[in-house]
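Undergrad: Sharing a structure below in structure tokens format, with a few things to ask.
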Amino acid sequence: MPYSVKPKKELPKAGLRGDVGQFGSVTVERCPLYRPLEKGRETARLSGAGFPRTVFRGKRRSGRPSLFGGELTLDGRPAELRFNARALRKGDRALHIAYEGREYVYSMEGLGKQRMLEREGVRVTMQLGQYVPQAGTSSTGTATGPVDAVDLAIAIVLEEVDTEVLTLGGAVLSSPFALMQHFSDRAE
């Protein structure tokens, strides 16, 4: 379920929280405010007793980290990310994640449609759930195969990452943003 907290004397937080069966409760949080000291980067953090501490950092886009300049770490160990935002075919735009000998493919059916994280023998599918007033839309998911906490942590943290560029429509809409990011990166 989505949540939003605006504590006094602290930065506001937004994200998702819920219960994931035998793995227990999980929270993914990010700060929805633009923070100039972060140099245009945003962070989504996943925490829960049954999950590895998972952090995704990327260029800020629509209040969330994006895949551009993305970095994913689980318990402090980095994962390798690669995708082709300019590809025309869906399979060519998919996000490929390599972590600790595992090879994942993360893809989207379309804007607002289901998202899938797959590795050999395992599939985690996430989709939009019910709308919660003043918070947003929840996410629901299903898992098949011998799924573990690492698989779920990656799929769930990506729910708070702007991954629209993995769809053709999202890639077209992201083109101006990608061009601005390219020039911004070259200026640094």
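The values are calculated or read from the model by the stated rules, or taken from the named source; none is laboratory data. Not measured: the values here are computed from a predicted model. Neighbour counts are summed over all protein chains in view; Cβ atoms, including those assigned to glycine, are modelled from backbone coordinates with ideal geometry. What goes into the accessible areas is simple: the full protein's heavy atoms, side chains included, and nothing from ligands, DNA or RNA. Shrake-Rupley method; radii C 1.70, N 1.55, O 1.52, S 1.80 Å.
Undergrad: Tell me yes or no: at least one residue of the range 70-88 is in contact (Cβ under 8 Å) with a residue 60 or more places away in the chain, part of a loop (DSSP other than H, G, I, E, B), charged (D, E, K, R) and surrounded by fewer than 20 Cβ atoms within 10 Å (Cβ to Cβ).
TA: Yes, because at least one residue in the range 70-88 is in contact (Cβ under 8 Å) with a residue 60 or more places away in the chain, part of a loop (DSSP other than H, G, I, E, B), charged (D, E, K, R) and surrounded by fewer than 20 Cβ atoms within 10 Å (Cβ to Cβ).
Undergrad: Is there a residue being open to solvent by 30 Å² or more (accessible area, probe 1.4 Å), part of a helix (DSSP H, G or I), at pLDDT below 70 and out of contact with any Ser or Thr (no Cβ under 8 Å at 6 or more places or on another chain) anywhere in the range 158-169?
TA: Scanning the range 158-169 turns up at least one residue that is open to solvent by 30 Å² or more (accessible area, probe 1.4 Å), part of a helix (DSSP H, G or I), at pLDDT below 70 and out of contact with any Ser or Thr (no Cβ under 8 Å at 6 or more places or on another chain).
Undergrad: If we keep just the residues of the range 89-111 that are in a strand (DSSP E or B) and in contact (Cβ under 8 Å) with a residue 40 or more places away in the chain, which is most open to solvent (accessible area, probe 1.4 Å)?
TA: In this case the residue turns out to be Arg102.
Undergrad: Filter the range 1-22 down to residues that are assigned to a loop (DSSP other than H, G, I, E, B) and of a type in the set (Ser, Thr, Tyr), then give me how many there are.
TA: Of the residues in the range 1-22, 0 are assigned to a loop (DSSP other than H, G, I, E, B) and of a type in the set (Ser, Thr, Tyr).
Undergrad: Can you confirm whether the range 127-136 contains a residue that is assigned to a strand (DSSP E or B), at pLDDT 95 or above and either in contact with a Pro (Cβ under 6 Å, 6 or more places away or on another chain) or open to solvent by 20 Å² or more (accessible area, probe 1.4 Å) (or both)? Show your work before the answer.
TA: From the range 127-136, those assigned to a strand (DSSP E or B) are 127-132, 136; that's our starting set.
Right, trim to at pLDDT 95 or above and you get none.
There is no residue in the range 127-136 that is assigned to a strand (DSSP E or B), at pLDDT 95 or above and either in contact with a Pro (Cβ under 6 Å, 6 or more places away or on another chain) or open to solvent by 20 Å² or more (accessible area, probe 1.4 Å) (or both).
Undergrad: Which of the numbered conditions does Arg45 fail, given that it passes all the others? Conditions: (1) of a type in the set (D, E, K, R); (2) loosely packed, with under 13 Cβ neighbours inside 10 Å; (3) modelled with pLDDT of 80 or more.
TA: Condition not satisfied by Arg45: (2).
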